[in-house]
Amino acid sequence: MPLMLIDHLNRQLLEREAQSLRRQRRTAVSPCAPRQRVSHNGGPERELLAFCSNDYLGLANHPALIAALAEGAQRYGAGSGASHLISGHSLAHAVLEAELATWLAPCIPNAQALYFCTGFMANLALLTALGDASATIFADKLNHASLVDGALLAKAPLQRYAHKNLAVLARQLAACTTPIKLIVTDAVFSMDGDLADLPALLALAERFDAWLIVDDAHGFGVLGAQGRGSLAHFGLTSERLIYMGTLGKAAGVGGAFVAAHPAVIDWLVQTARPYIYTTAAPPAVAHALSASLRLIAGPEGDERRARLEKLIELLRARLAEVIAEQPALGWRLTDSATAIQPLIVGDNAAALALAAALDAQGLWVPAIRPPTVPVGTARLRITLSAAHSEAEVLELVETLVQAGRALAGAGEALAAAQVTACRSQE
């Protein structure tokens, strides 16, 4: 049996290991929550204080959603049985899509909505279905991988602009000769936590007769009045907007949706391969999401968003103090006022070492490295949830400080030892 492929893959895996780029999985054995029991590589279970989920409102283990999911399973069964265009489109899906369309109507007049199994599928569907030979796609260079892949798979030519550089984008749009122009951006950028300038992007879309496609994976449920998302946060209203929101983050369940002009939604139903050729998500999931929307829009949703905002302010204030007092650590924060709070470390190995030091103290904060982020900007991606307490946030900061000092001291000791060794050989 030829083993060339296996040898080839093993060599590449070893190269990733040497560059501190090899990824590993952990297995969660308890529900998503700030304190979660996990195992690693088949090892014993441990309880960790997690700052890594996208469960921004703390709804993933909410009793009302658990009950709604169970009720949905009792009513509709465990699975859908087919794709949406065969027999898998249930009443639960239809009700959820109508509710989502109503939810986005203040931002996208006459909007209709289409539910997808995942956000990745939704973005692939959008860009491949709309990005034909009559179009040009204009994309921020820090867009999520799903938008990047969708643009690369589309038949439309792709032009990328430096992160939030709207002057370059304006020049690209002015020079474009295709009849259809698609501006594509994250609303909240997933690795930096910063917001796109959606008002300015929409103004460019109007100026150059373009469409603005917004991936609001990390804004839906969190930003804007009643958690209506980034469009509401900026007070935007336009039929030029095409909106993708995910439902497995702040909404606490799973899936995603696109909201847009009815003609856009109908075109996706007719042509979007990730929608047409996949089995519909279980109706029980859609049923639970309807319950989630009610929570997000109600008083409890307002309370959770207010709590999350206070935790963000607390974390940023304390980390800013640490960075100012200990510049030798070389840490920096990004310009983020969202639940995504990256701590830039720089070096891959240093980021891994810091994450490992936190892990040893019972804290779960992932190290993010290239190619997910640019070379030299390896980081800890801290994400906050309304389910965290102030005490837990302060515990994170204190543990970070202790770990940073210890690692810095170890690095200085190693450097001194190397100097001594070199001198002894002279």
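The values are calculated or read from the model by the stated rules, or taken from the named source; none is laboratory data. The model shown is predicted, which means the values in this text are computed figures rather than measured ones. Counting neighbours? That spans all protein chains shown, and the Cβs are built from the backbone with ideal geometry, glycine included. Note: accessible area is taken over every heavy atom of the protein model, side chains too, but ligands, DNA and RNA are not part of it. Shrake-Rupley method; radii C 1.70, N 1.55, O 1.52, S 1.80 Å.
Taking the Cα centre of the stretch 1-116 as the origin and placing charges on Cβ (Lys, Arg +1; Asp, Glu -1), which of L96, Q74, L13 is farthest toward the positive end of the dipole?
Projecting each Cα onto the dipole axis, the largest value belongs to L13.
If each of V168 and A145 carries a label point 7 Å out from its Cα toward its Cβ, how far apart are those two points in nm?
In this crude label model, V168 to A145 measures out at 2.3 nm.
Give the calculated FRET efficiency between D347 and Q74 to the nearest 0.05, with a Förster radius of 56 Å applied to their Cβ-Cβ distance. Mind dumping the intermediate values first?
Numbers: r = 52 Å, r/R0 = 0.93.
Once rounded, the FRET efficiency stands at 0.60.
Roughly how many nanometres apart are two label points built 7 Å out from the Cα toward the Cβ at A203 and L153?
A separation of 3.5 nm, rounded to one decimal place.
Using only the Cα atoms of the stretch 1-140, build the gyration tensor, take square roots of its eigenvalues as a ≥ b ≥ c, and label the shape rounded, prolate or oblate: rounded if a/c is under 1.5, else prolate if a/b is larger than b/c, else oblate. Don't jump to the answer; show the numbers that get you there.
Details: a/c = 1.91, a/b = 1.28, b/c = 1.49.
Oblate, because a/c is 1.5 or more while a/b does not exceed b/c.
Set Lys and Arg Cβ to +1 and Asp and Glu Cβ to -1, take the dipole of the stretch 278-364 about its Cα centre, and tell me which of L311, G362, P283 lies farthest positive.
About the Cα centre, the residue reaching furthest to the positive side is P283.
Where Lys and Arg each count +1 and Asp and Glu each count -1, what net charge lies around T128 among other residues with Cβ under 10 Å from its Cβ? Walk me through the numbers on the way to the answer.
Numbers: positive: K155, R273; negative: D132, D149.
Computed value for this residue: 0.
Ignoring ligands, DNA and RNA, what percent of the accessible area of the stretch 136-247 is carbon or sulfur (1.4 Å)?
Values: 2170 of 3980 Å².
Percent of accessible area from carbon and sulfur atoms in the stretch 136-247: 54.
Which longest run of the chain has no exposed loop site in it, a site being trypsin sites (Lys or Arg not before Pro) in a DSSP loop with at most 14 other beta carbons within 10 Å, and the site itself not part of the run? Don't jump to the answer; show the numbers that get you there.
Values: sites that count: R22, R23, R25, K141, K155.
With a cap of 14 other Cβ atoms within 10 Å, the longest stretch comes to 156-426.
Residue-wise, which Karplus ³J(HN,Hα) couplings in Hz belong to the stretch 78-93, taking 6.51 cos²θ - 1.76 cosθ + 1.60, θ = phi - 60°, and x for glycine or proline?
So the J values, rounded to whole Hz, are 7, x, 8, x, 6, 6, 4, 8, 9, 9, x, 7, 9, 4, 4, 5.
Would you calculate the separation in nanometres between label points at A328 and D132, each defined as 7 Å from the Cα along the Cα-to-beta-carbon direction?
Taking the simple label geometry, A328 and D132 are separated by 6.4 nm.
Once you order the gyration tensor axes a ≥ b ≥ c over the Cα atoms, which shape class does the stretch 82-142 get: rounded for a/c under 1.5, otherwise prolate or oblate by comparing a/b with b/c?
On the way: a/c = 2.21, a/b = 1.40, b/c = 1.58.
Judged from the Cα gyration tensor, the stretch 82-142 comes out oblate (a/c at least 1.5, b/c at or above a/b).
Assuming R0 = 56 Å, can you tell me the calculated FRET efficiency for the pair A105 and L3, based on Cβ-Cβ distance, to the nearest 0.05? Walk me through the intermediate numbers first.
On the way: r = 58 Å, r/R0 = 1.04.
Once rounded, the FRET efficiency stands at 0.45.
Summarise the accessible area of the stretch 1-59 (1.4 Å probe, protein heavy atoms) by the percent that is carbon and sulfur. Write down the numbers at each step before the final one.
Working: 2190 of 4150 Å².
Ligands and nucleic acids excluded, carbon and sulfur give 53 percent.
Using the heavy atoms of the protein chains and a 1.4 angstrom probe, tell me the accessible area per residue for the stretch 134-204 in square angstrom.
Numbers: 2730 Å² over 71 residues.
The answer is 38 Å² per residue.
Which label belongs to the value computed from this structure, given these candidates for semi-axes √(5λ) of the Cα gyration tensor in Å: (i) 38, 27, 23; (ii) 28, 27, 21; (iii) 34, 25, 21?
Calculated semi-axes √(5λ) of the Cα gyration tensor in Å: the matching label is (i).
Rounded to the nearest 20 Debye, what is the dipole magnitude of the chain about its Cα centre when Lys and Arg each give +1 and Asp and Glu each give -1 at the C-beta? All intermediate terms of the calculation are to be shown ahead of the outcome.
Values: 34 positive and 38 negative charges, 121 e Å.
My answer is approximately 580 debye.
With a ≥ b ≥ c taken as the square roots of the eigenvalues of the C-alpha gyration tensor of the stretch 185-240, please select rounded if a/c is under 1.5 and otherwise prolate if a/b is larger than b/c or oblate if it is not? Could you put the intermediate results ahead of the total?
On the way: a/c = 2.34, a/b = 1.47, b/c = 1.60.
In terms of gyration-tensor shape, oblate.
Using +1 at the Cβ of each Lys and Arg and -1 at the Cβ of each Asp and Glu in the stretch 227-329, identify which of A324, G227, P274 lies farthest towards the dipole's positive end.
Positive-end residue among those listed: P274.
Using modelled backbone amide H atoms (1.01 Å from N, in-plane), which distant-in-sequence or interchain residues come within less than 5 Å of Y161's amide H?
Answer set, sorted by chain and number: A139, D140, K141.
Among the lysines in the chain, how many pairs, 8 or more places apart or on different chains, have alpha carbons under 30 Å apart?
Going through the chain pair by pair, I get 11.
Tell me, what ³J(HN,Hα) does each residue in the stretch 270-286 have, in order and in whole Hz, if you take phi through Karplus 6.51 cos²θ - 1.76 cosθ + 1.60 with θ = phi - 60° and put x for Gly and Pro?
So the Karplus estimates, Gly and Pro as x, are 7, 10, 6, 4, x, 8, 5, 9, 9, 5, 4, 4, x, x, 4, 5, 4 Hz.
With axes computed from alpha carbons, what is the tilt in degrees of helix 63-76 against the longest principal axis of the chain, rounded to the nearest 10 within 0 to 90?
Long axis of 63-76 versus the principal axis of the chain: about 50 degrees.
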